[in-house]
Amino acid sequence: MFATSDIGGRLWRLGVWAVVGFFLLNLAGIIASVVVDSLGTSWFGTWLPDGFTTHWYSDAWSGFQLGGVLQVTLEVAGAVILGSAILGVPAAYALARREFAGKKLVMLVFVLPLIIPPFTYGIPLASVLYQFGLGGTLAGVILANLVPSVPFVIFILVPFIEQIDPRVEAAARVFGAGTWDLFRRVMVPLLMPGILAALVLVLVRTIGLFELTFLTAGPDNQTLVVALYYSVFAAGIRATQSIDAMAVVYMVTSLICLIVALRFVDPTQIVGRAKKVEAH
Amino acid sequence: METIPLTAPATPGRESLKRRLERAGFDTTTLLLAPALLFVLALFIYPALYGVWLSLHPMNGGGWLANYTAFFSDPYVYGTIFTTLELAVPVTLVNLALSVPIALRVRRMRHQRLLTTLLVIPVTLGTVLTAQGMLNYFGPLGWFNRVLMSLHLIHMPVRLVHNFTGVFLSQIVSGFPFCFMLVLSYVTGIDPSLENAAAMLGARAAQRFRHIILPLLAAGLAITFCLAFVQAFSVFPSAVLVGAPSGPTRVIAIAAFHAAYEEYDYSMGSAIAVIMGVIQIIVVALVMWLSSLFYRGPAGGGKG
């Protein structure tokens, strides 16, 4: 294109890339320092630790009841995925296919939990959950995490559903499919890539979402990120390396989910696939 | 589509209601919306209203506005508003100011996917992990200070954590990628031929930005500012972990948490949450109003 060849333009471009490079370098440093520390024997005032060891991981495993925390994290994430699919997929279908009075208001209700930060509504939500005896329980944590996840699934899926030709559904109706059959045999298979993408993103978000779990969890049902917060908060009680080992476990868990998500999530690709299926 | 009944309806009153509903767009398919809507009403709208109600019923009595008068009469508590604003506004502006030129440059890049993937990482890792990493990396004995010292740029380690700077940096580490992604999506929506036309007519880069890109981007930038601001305004974990939670970075979320979970005064905690929400709404409304003054062109990214 019209590349600016004057000195000012070049300097500007150089500056922009320098900022990006500086940001990524520091980001790499932040992440690497956690990984290196978790593998070091002792590290104080030198570039690298004196020696390397893996015993902080077994320490973290026993000291933080990491097995239990991971189990809670997976239970919460699994239930949130299931719940947001059951609630979100049909709602997304209705929003994509029907125009009705008050639709804008419904959209507003769904968009609010996504744009209002969790800490703002977390405290009233927690008090409602405590009122119904759900505060500090696993069910409470799951319900709280579902609040932003259900609208999230809806807003990811609506464009996917709009891409599917309504004549496919009309044809299924002509051949006598009821709403349930239509859903199970036509829509869900066509939407599978979109649903998977949305659910993997829900998984990533649920593992990473700190505030709602923090405000609603009791001591027995903390997820990984909340347990990590408490151990950093109470720094000095445990060895930093042990906390960092836990941080690495958290990081690896969410990065694996992210990589899986990014394999699914390129929307153009998914729409293309849905259209190809349709054409057969 | 339902089949159209050929026979006359047997019960005219009921049928006509059904027909009327269908004409307004309500049928069995619309009903699929109900479970999700009820869920969000029960666990989001109801708690929000309950929070307002609770905040007007103080735990220790003293009239329905007691929580709010208590909040605004204690400088240590109402000061958190200004502490939070002093943090959230500059952080959001810095993140936006960084995002726009980078997004304009990345738009012309081939391998956008690699950069966006790298930038998604801090969003995924979240503030807690970022905070723990920053304690190592930006600490007095961390790599950052060591590099600066071995380059003889500084003689003593700079204090970058457990203060305002720490929270500021952590908000940039996790907030910048978020801003950048949003701005990039708005920037890619602008038709490049508009800028090409301006360049052909002799507009310089600065003029093209001022007269073409900025007006088309204004609405998107306003939305990005609002979304990034409300996130920064409700900062909690990093303000505790890499900040100085009892002093310079005692943000409003800490005050709300302290009231609800350390003093077990859910009524006061809800009052602070309500104040937090109201301030966010005020700032968002202000920014949207400003952007409506600024932007007068057709909607969309110039695709029409």
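Mind listing, in residue-number order, the residues in region A:136-173 that have at least 40 Å² less accessible area with every protein chain present than in their own chain alone (1.4 Å probe)?
Going by heavy-atom accessible area, the residues of region A:136-173 that drop by at least 40 Å² are A:VAL147, A:ARG173.
What FRET efficiency comes out for the pair B:TYR46/A:LEU114, r = Cβ-Cβ distance, R0 = 22 Å, nearest 0.05?
In this case the efficiency is close to 0.80.
Quick one: dipole size for region A:56-279, taken about the Cα centre, charges +1 on Lys/Arg Cβ and -1 on Asp/Glu Cβ, in debye to the nearest 20.
Value, rounded to 20: 720 debye.
Shape of region A:56-279 from its Cα gyration tensor (a ≥ b ≥ c, root eigenvalues): rounded if a/c is under 1.5, otherwise prolate when a/b > b/c, or oblate?
Numbers: a/c = 2.76, a/b = 1.83, b/c = 1.50.
Prolate shape, in that a/c is at least 1.5 and a/b is the bigger ratio.
With charges set only on the Cβ (+1 for Lys and Arg, -1 for Asp and Glu), what does the dipole of the protein assembly as shown come to about its Cα centre, in debye to the nearest 20?
That gives the protein assembly as shown a dipole magnitude of about 1980 debye.
Taking the Cα centre of chain B as the origin and placing charges on Cβ (Lys, Arg +1; Asp, Glu -1), which of B:VAL173, B:ALA48, B:PHE236 is farthest toward the positive end of the dipole?
Comparing the listed Cα positions along the dipole, B:VAL173 ranks first.
Which Cα, out of A:THR73, A:VAL202, B:ALA259, lies furthest along the positive dipole direction of the protein assembly as shown (beta carbon charges, K/R +1, D/E -1)?
Towards the positive end, the residue furthest out is A:VAL202.
For region B:75-294, what is the charge dipole size about the Cα centre, in debye to the nearest 20, if Lys and Arg each add +1 at the Cβ and Asp and Glu each add -1 at the Cβ?
It comes to approximately 980 debye.
Once phi is turned into θ = phi - 60°, what whole-Hz ³J(HN,Hα) does the Karplus curve with 6.51, -1.76 and 1.60 give for every residue of region B:179-191, x standing for Gly and Pro?
Using θ = phi - 60°, the values come out as 4, 4, 4, 5, 4, 4, 5, 6, 5, 5, x, 8, 5 Hz.
Using a 1.4 angstrom probe, figure out how much accessible area region B:1-157 has per residue, in square angstrom, rounded to the nearest whole.
Values: 8960 Å² over 157 residues.
On a per-residue basis, region B:1-157 sits at 57 Å².
Suppose each label sits 7 Å from its Cα in the direction of the beta carbon; what would the B:VAL278-A:GLN65 distance come out to in nanometres?
Label at B:VAL278, label at A:GLN65, 4.1 nm between them.
So what is the 222 nm mean residue ellipticity for chain A from helices alone, if each DSSP H run of at least 4 adds -39500 (n - 2.57) and you divide by all residues, rounding to the nearest 500 deg cm²/dmol? Provide the component values of the computation, followed by the final result.
Values: 12 runs with 211 residues, N = 280.
Taken over chain A, the calculation gives -25500 deg cm²/dmol.
Let a ≥ b ≥ c be the square roots of the eigenvalues of the Cα gyration tensor of region B:75-294; is it rounded (a/c under 1.5), or, if not, prolate (a/b larger than b/c) or oblate? Don't jump to the answer; show the numbers that get you there.
Working: a/c = 2.40, a/b = 1.37, b/c = 1.76.
Oblate, because a/c is 1.5 or more while a/b does not exceed b/c.
Taking the Cα-to-Cβ direction at A:LYS103 and at A:ALA234 and moving 7 Å from each Cα, how far apart do the two end points lie in nm?
The answer from the label model is 5.3 nm.
Please work out the FRET efficiency for the pair A:THR53 and B:LEU293, using the Cβ-Cβ distance as r and a Förster radius of 56 Å; give the result to the nearest 0.05. It would help to have the intermediate numbers written out before the result.
Working: r = 61 Å, r/R0 = 1.09.
With a Förster radius of 56 Å, E is 0.35.
Could you sort the residues of region B:110-146 by number and keep only those whose accessible area is reduced by 40 Å² or more in the all-protein-chain setting relative to the chain alone, 1.4 Å probe?
B:ARG113, B:ILE121, B:THR124, B:LEU125, B:VAL128, B:LEU129, B:GLN132, B:ASN136, B:TYR137, B:LEU141, B:TRP143, B:ARG146
So, with a 1.4 angstrom probe, what is the percent of accessible area on region B:75-294 that is carbon and sulfur?
Of all accessible area on region B:75-294, carbon and sulfur atoms account for 72 percent.
Report, in deg cm²/dmol and to the nearest 500, the calculated mean residue ellipticity at 222 nm for chain B, where each DSSP H run with n ≥ 4 adds -39500 (n - 2.57) and the sum is divided by the residue count.
Here the helix-only value at 222 nm equals -21500 deg cm²/dmol.
Ignoring ligands, DNA and RNA, how much accessible area is buried between chains A and B, both sides summed, with a 1.4 Å probe, to the nearest 100 Å²?
The buried area between A and B, both sides summed, comes to about 7600 Å².
Taking amide hydrogens as modeled 1.01 Å from N in the peptide plane, which residues meet the under 5 Å criterion relative to A:GLY40, leaving out close sequence neighbours?
Amide H to amide H, under 5 Å and 5 or more residues apart or across chains, A:GLY40 pairs with A:THR53.
Once the Cα atoms of helix A:240-264 and of chain A are each reduced to a long axis, what angle between those two axes, in degrees from 0 to 90 to the nearest 10, is obtained?
Result, in degrees: 30.
The values are calculated or read from the model by the stated rules, or taken from the named source; none is laboratory data. Keep in mind it's a predicted model, so treat the numbers as computed, not measured. As a convention, Cβ positions derive from the backbone with ideal geometry for all residues, glycine included, and neighbour counts pool all protein chains shown. With ligands, DNA and RNA removed, areas are computed over all heavy atoms of the protein, side chains included. Shrake-Rupley method; radii C 1.70, N 1.55, O 1.52, S 1.80 Å.
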